[in-house]
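S.K.: Dropping a structure here in structure tokens format, bear with me for questions.
What follows draws every value from the coordinates through simple rules; no lab data is involved. Bear in mind that the values here come from a model prediction, so they are computed numbers and not experimental data.
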Amino acid sequence: MSSSAPRCALFLPNKKRLCKFEALAGSRYCVHHEGSCYVPSAAPAEAHGVDGASQARVPCPLDPRHSVFAHKLAQHLRACNRQKALATLHRQAWYSEGMHAAPRASVLDACPVDLRALFTRIRAAHATLASAGVLRSEGHQALAAGESHETSPTTTSSERAPEPSRASPAVAGDALEERAAVDRGLAEPDGPAHEAEPASGRTRPLATAQKHAAQCSALAARILRAVALGGTAVAFVEFGAGNASLTEAVANALDGRDPAAPRAQLVLIDRAVPRRKSDARLRELGHAQLARLRTDICDVDLTHVQQLDWSRDMCRCAMAKHLCGEATDLALHCLVRSASTPAPPAVASPLDDSERAAGGVRPCCAVDHVLIATCCHHRCRFESYVNRAALVEWGLAGSAFPVVCALSHWAVATDDRAGQQAIAAKLAGGRGAREGDGDGDGACEHAGGCLNEVTALGRLVAEQRIAVGATERRALGVMAKELLDAGRALFLAASGYESAWVEREFVPKAVTPENRLLRAERRVSKREARATVQQSAH
């Protein structure tokens, strides 16, 4: 660039100098700043004849993550990329705005809470649910050993879930054996859950990436044992998918199936699209029908999702890894509302007689299996919680509900000073999004609760002069989490799922303290009804 060429007249306040780029012909600004009207400081603005008030920036009402000059807001709204994305979203057949949303207005009363009485009610309700089999400690070791733990807690002990022998030999062989080895290794004190440092010989916690991989492996093993894979078409729906690491783990296990078998239909639901997602890898595995729905869970109508193809006879499974608080309740509302919709005539008409003969029900748009690893129970809301009747029965409704949610923080709280400081730093950032990243247990689970709620709980404990030791605090936190999940399981059991329960510790605590898995399944499906009628006919 010639030294005599005119330079851009824009002043850069951070560098305290003018822009060094060459100005365009007939303009005072360079190609980067021409027409942008970007004046970062008041003095240069006045020098360029721009009113200082025009520098005020306001958040974009369509997407608050970016801002715009106030005097250009109307012009920006016509060209905002988010506006185009919303227009495309509203044209989707599966989009129904606010379909599962609950009112934001609080219905909780402000009565004071007696913590001692509340603790007593929590322990009593927890003991009742544990004795009823809704809370089950199946254990990762039992699954690794190949034992079947599919007995329904909501039915008699004589009723059994489908045997894992329905799985194809390829999946039941190498894939499950590999994941069982992972689970066994994680259960050992000197296994992968802790790594030895070469210099000191001490152990350090498992790396974040390895923790996610271990959880995905454990979930994939359970998913493959739950669904029927004997050559039957299968579809998976992942809520809060994030980068789709759980779906990728399931797809990798399914890759060992018969190459001639149809590929699984994959549906990913998340309102954010993160970087380094696994979509391309999934398509490389042959899942060309992969669909990513970029929207909130409360706006999804599963009956109109093309990839689920309710006119076909196939096995469908809903899954999620660390679906945060309220998002879990929205996902359950989505599944149950879909199950109340009759299936298209292509399925309903031929199978009505056969299902009645097999003791089944009219075909509907129901997902056969549900496996959701829950977390962030402090983000639950009473308005959207799926089983408020159970909370009333247990004496945990009204003003007690936010206290129960705050108590769940005690299950993952740490006792050391450094851990408390890390939690405080994460909590200072606020609640965050209603949906988590779908893959994370970092800041999501270990932050443990909303800062205001946890602080209020600590103040309430001090005011009522209640001495709660570290062991009791952790036990009460675990009970609070399991009660909220048990209420969800009972909701599914009352909504047509013949087996629903909460599996404790699907991975060891060394991997993650958020290790509870909400599980449900429908025993008599359209496929099983047809098979029963065909066998009786022969």
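S.K.: Using each residue's phi in the stretch 282-294, evaluate 6.51 cos²θ - 1.76 cosθ + 1.60 at θ = phi - 60° and report the 3J(HN,Hα) Karplus result to the nearest Hz, with x for Gly and Pro.
M.R.: Result, rounded to whole Hz: 5, 5, 5, 7, x, 8, 5, 8, 4, 10, 10, 9, 8.
S.K.: Taking 0.36 nm per residue of separation and subtracting the Cα-Cα distance, what length does fully extending Phe21 through Ala462 add? Please report the intermediate quantities before stating the final value.
M.R.: Working: separation 441, 0.36 × 441 = 158.76 nm, distance 6.29 nm.
Result for the pair: 152.5 nm of gain on full extension.
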